[in-house]
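Here, each number is a calculation from the coordinates, and none is a lab measurement. This one's a predicted model, so the numbers in the text were calculated from it and none came from an experiment. Positions of Cβ are generated from backbone atoms using ideal geometry, with glycine treated the same way; all protein chains shown enter the neighbour counts.
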Amino acid sequence: MASQTILREADYNEGHAASLAISPEISIKEPLTFRDPDYFDPTPFLNQQEIKHFKKEGFIVKRQLIKDEETFQKIKDHIWANVPRSLMKQNNPQTWIEPPENKWTESDSLKVGHLKHRNWKIRSKGSNGLGTEDFLVKNIANSPNMLKVVESLIGSPVRPPKRVRGIYCVFPSKPGSQEKYNVHVDYIPSHVTAMVIADQIRPGCGGFMLWPGSHIELHRYWNTAHGGGMDHEKSKKFLEAREKIIGGTTPVEFIGSAGDVIFWHPRAIHSAGINRSAEHGDPLVRVIIPCDFQLDGLAYVDDEKFGPSEDYQWWIDTRNFEEDTPPNSTNIWDDWAI
């Protein structure tokens, strides 16, 4: 515990509390599979009940918002085409149950992204890197239906995305293995974030997890309403609030099919789920495309301390902006359309 205390104090001073691991003393509740309420509308428009739900819970789901079988097939093909040295084979699930992290080199990580704890984030640095492909940027992040929902949430004009975060895969755990959730809060300057499901996700198979309502409490601890910075004193209060929420709130886990989209508030506590599909004899790879959105026409700046910037959190397309204001208990929705 002493080493953890020292680490936390150092990170307080750097303002990176959001990325700190959850205390081992906190019991993380198992997620409930989210069931859509009747008022969730699959059209790319928001009704008043959806707006109320987003404000209170921090998310909404739009089922089959993107209907593009060809693009989702390209995404799946793209995954297997980028596996280094055929370490995993698409038609041989035994090769991707407990994926070969020990054979994944530093060079592999630079080219196709890290593989860690059965999570592979397929992304690479540079303007032509993974995450900037036309079928991801044009057909997913900038698809007309996506932008309509984003406009309904944050207003217009929306800054056209130039990249997605990448393709985020969660591979099956070996049956009987003990796994941990990577519970955290992002510190990026998005107005709203979307998780696009790119292939079937069943219950308990690595779906996206979120702690409902956590965005409301955690909004107040940042230096600005959307930016990634957090000073020393706010960091301590943030961690106390974060762990109280995790200990007392049951998360939800989102399942679905290709084209379903979860729109969520970037201050919400979240995690990738644990993929237990191999335990049921029908292993699958969980595939999600995270996309970030913000308003256009602002004075954007790189933040070399907190990111995003060319060298830090480079996979994030959105940026800090000079017009951002300090948060308080009442201004969480001040620059949103809702």
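What is the extension gain from Ser19 to Thr249, computed as 0.36 nm multiplied by their sequence separation minus the C-alpha to C-alpha distance, in nm to one decimal? Intermediate results must be reported in sequence, preceding the final value.
Working: separation 230, 0.36 × 230 = 82.80 nm, distance 1.94 nm.
Gain in length upon complete extension: 80.9 nm.
About its Cα centre, what dipole magnitude does segment 124-199 give when the only charges are +1 on Lys and Arg Cβ and -1 on Asp and Glu Cβ, stated in debye to the nearest 20?
Working: 9 positive and 6 negative charges, 35 e Å.
Using only the charged Cβ atoms, the result is roughly 160 debye.
Ignoring trypsin sites (Lys or Arg not before Pro) that are buried or in helix or strand per DSSP, and keeping those with at most 15 other beta carbon atoms within 10 Å, what is the longest stretch of the chain between them?
Result for the longest clean stretch: 181-304.
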Loop-only check: which chymotrypsin sites (Phe, Trp or Tyr not before Pro) in segment 41-128 are DSSP coil with at most 15 other Cβ within 10 angstrom? Phe45
Would any residue of segment 209-232 have its amide N under 14 Å from a label point 7 Å out along Cα→Cβ of Ile338? List them or say none. 212-216
So, with points 7 Å from each Cα along the Cβ direction, the Lys103-Asp77 label distance in nm works out to 2.5 nm
Pseudo-spin-label distance Gln64 to Val301, built 7 Å along Cα→Cβ, given in nm, is 4.7 nm
Can you pull the one-decimal nm distance between simple spin-label points at Ser309 and Lys236, each 7 Å off the Cα toward Cβ? 2.7 nm
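May I ask for the longest run of the chain untouched by GluC sites (Glu not before Pro) that are loop-located per DSSP and have at most 11 neighbouring C-beta atoms (other than their own) within 10 Å?
On the way: sites that count: Glu25, Glu304, Glu310, Glu322.
Within the chain, the longest run free of exposed GluC sites (Glu not before Pro) spans 26-303.
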With just the Cα atoms defining each centre, how far is segment 87-119 from segment 207-271? Give it in Å. 28 Å
For the pair Glu179 and Phe45, what calculated FRET efficiency results from E = 1/(1 + (r/R0)^6), where r is the Cβ-Cβ distance and R0 = 35 Å, to the nearest 0.05? 0.35
